[in-house]
Every structure is written in C-alpha cells, then in structure tokens.
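> The structure follows.
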Amino acid sequence: MGVLGLSSVALLGAVCQAPAENVTTGLTVEVNEGDLIKYDTTTYVYSLGTKRGITTAEVFEGCEYKWEEVRLLEKSDFDQIPEGPVLNDTTNCPKAE
C-alpha cells in the first residue's frame, strides 16, 4: 500500500488530540521535531518545518514510532505545514527532541 491509509488507521486505536501553544505563526497547536501528526488517512512525521508522509506501516514501526503518539490535527493547522519528502525507509527517522 502507498502512504499509510485507512487500513493503518485501524491499527491506531486512540488518537491523541492535544491543543497547545502555537510554534509556527498561525497554528493553534504546538508541533515539534519528530511529532507524529495526521489530519485524514495519512500519518506524517514533522521534520525541519515540514510534514513527511510515512509510506508504510513497516517504515512507521521500523522507525520505532508508536501508534498511540499520533496526534490528529485540525485541517486548518495541518494545511499550514508544508509537505516534505516522504519517509520511505528507516535509515534516517526524525525523532522527537
């Protein structure tokens, strides 16, 4: 399957929704390096000011990310974060600082 989609969402269980202060102008939530985020069906990792789509569950788990740490963002916040390159292997997994 391509970028993590609906079949992976079922694995997610509870999705954290935690409003916080903004880090980037205009965002209503704080998003930090290595945060796992999503709006709809694709899971992303926040890295260097961009959201990087994670291509498979194997890559997600190979990076030692945890499904319960994925945060659901409002569309207005999610759309303000620019797309970065997809994360399609486990050689350079962005991590939380």
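> For the stretch 84-97, name all the residues that are of a type in the set (A, V, I, L, M, F, W, C) and loosely packed, with under 13 Cβ neighbours inside 10 Å. Spell out how you get there, then give the answer.
From the stretch 84-97, those of a type in the set (A, V, I, L, M, F, W, C) are 86-87, 93, 96; that's our starting set.
Once the filter is applied, which keeps residues that are of a type in the set (A, V, I, L, M, F, W, C) and loosely packed, with under 13 Cβ neighbours inside 10 Å, the stretch 84-97 yields only Ala96.
> Among the residues of the stretch 45-59, which ones are within 11 Å of Phe78 (Cα to Cα) and in contact (Cβ under 8 Å) with a residue 40 or more places away in the chain? Talk me through it step by step, then tell me what you get.
First, the residues of the stretch 45-59 that are within 11 Å of Phe78 (Cα to Cα): 46, 50-51.
The answer is Tyr46, and nothing else.
> Continuing with the same structure: Going through the stretch 71-83 one residue at a time, which ones are open to solvent by 40 Å² or more (accessible area, probe 1.4 Å), charged (D, E, K, R) and outside any helix (DSSP H, G or I)?
Glu74, Asp79, Glu83, listed by residue number.
> Hey, another quick one. Can you run down the residue pairs with Cβ atoms below 8 Å, 6 or more apart or on separate chains, where the first is in the stretch 64-85 and within 16 Å of Thr41 (Cβ to Cβ) and the partner is among the polar types (S, T, N, Q) and open to solvent by 70 Å² or more (accessible area, probe 1.4 Å)?
Short answer, once both residue conditions are applied: Arg71/Gln17; Leu72/Gln17; Glu74/Thr28.
> Looking at the stretch 4-22, is at least one residue at pLDDT 50 or above, crowded, with 17+ Cβ neighbours inside 10 Å and not in a helix (DSSP H, G or I)?
There is at least one residue in the stretch 4-22 that is at pLDDT 50 or above, crowded, with 17+ Cβ neighbours inside 10 Å and not in a helix (DSSP H, G or I).
> How many residues are under 10 Å from the mean Cα position of the chain (by Cα) and of a type outside the set (Ser, Thr, Tyr) when one looks only at the stretch 36-59?
Qualifying residue count for the region: 8.
> For residues that are assigned to a loop (DSSP other than H, G, I, E, B), touching a Gly at 6+ places or on another chain (Cβ under 6 Å) and crowded, with 16+ Cβ neighbours inside 10 Å, tally how many sit in the stretch 37-70. Walk me through it before giving the result.
If we filter the stretch 37-70 for residues that are assigned to a loop (DSSP other than H, G, I, E, B), which is where we start, we get 39-42, 48-49, 55-56, 63-66.
Still in the list and also touching a Gly at 6+ places or on another chain (Cβ under 6 Å): 41-42.
Filter once more, keeping what is crowded, with 16+ Cβ neighbours inside 10 Å: 42.
Looking only at that region, the number is 1.
The values are calculated or read from the model by the stated rules, or taken from the named source; none is laboratory data. All figures in this text were calculated on a predicted structure; none of them were measured in a lab. Please note: Cβ atoms are built from the backbone with ideal geometry, for glycine as well, and neighbour counts cover all protein chains shown. Just so you know, the surface numbers come from the protein's heavy atoms only, side chains and all, with ligands and any DNA or RNA stripped out. Shrake-Rupley method; radii C 1.70, N 1.55, O 1.52, S 1.80 Å.
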